[in-house]
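Take a look at the structure below.
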Amino acid sequence: MYIYSVVTDFIDGPIARKTNSASNFGAFMDSAADMLFVLIALFIFIPIIDFTSLMIAGIVLILFVRFLGFGIGFKKHRTFTMLHTYANKAGGVILAFFPIFYGVLGLEISFIITFAAIFLSSLEELIITIRSKELNRNVISLFKQS
């Protein structure tokens, strides 16, 4: 199910764009499904992987930054505001491959790589959300917003 979820998440957007069936609702649902996937993955991995207290604190920090951004975005735009930045996409790919990294590189290195990618993408999204006057879910990055 994990692999199926990852593969379908990677291909649904390109298929929607290729078939001209992309929509704001679809983008919203993709983001909601991504967040649900992350939360489910956390509930699966936290009990079976021996994360340190510092790692758990890192996960909590990421969740705090993400939900702070969502709260600010909701207050400003009255809707769920998860953005499709390149950093978020890259972070999602790295998170999806966490089990493979874990098996090959071990917990500490895998966690550092994944934490860095997800934290930086979360921070970028928060900054974009704070600075934006209008909601653009397809913003590329903090440095190129068109």
Once you keep just the Cα pairs under 8 angstrom separated by 6 or more residues, what percentage relative contact order results for the chain? 26
Excluding residues on the same chain fewer than 8 positions from Lys144, give the lysines whose Cα lies under 16 Å from its Cα. Lys89, Lys133
Cα gyration tensor of the chain - equivalent ellipsoid semi-axes, whole Å, descending: 26, 19, 13
Label-point gap, in nm, between Phe45 and Val60 - each point 7 angstrom along Cα→Cβ: 1.9
Find how many whole Å separate the alpha carbon centroid of region 107-127 from the alpha carbon centroid of region 1-57. 15
Helix-only estimate, please: 222 nm mean residue ellipticity of the chain, summing -39500 (n - 2.57) across DSSP H runs of length 4 or more and dividing by its residues, to the nearest 500. -26000 deg cm²/dmol
With each pseudo-label sitting 7 Å past Cα toward Cβ, what's the Ile72-Ala116 distance in nm, one decimal? 2.4
Roughly how big is the chain's charge dipole about its Cα centre, with Cβ charges of +1 (Lys, Arg) and -1 (Asp, Glu), in debye to the nearest 20? 660
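Bear in mind these aren't lab numbers, they're just calculated from the coordinates by the rules spelled out. Just so it is clear, the structure is predicted and the values come from calculations on it, not from any experiment. Positions of Cβ are generated from backbone atoms using ideal geometry, with glycine treated the same way; all protein chains shown enter the neighbour counts.
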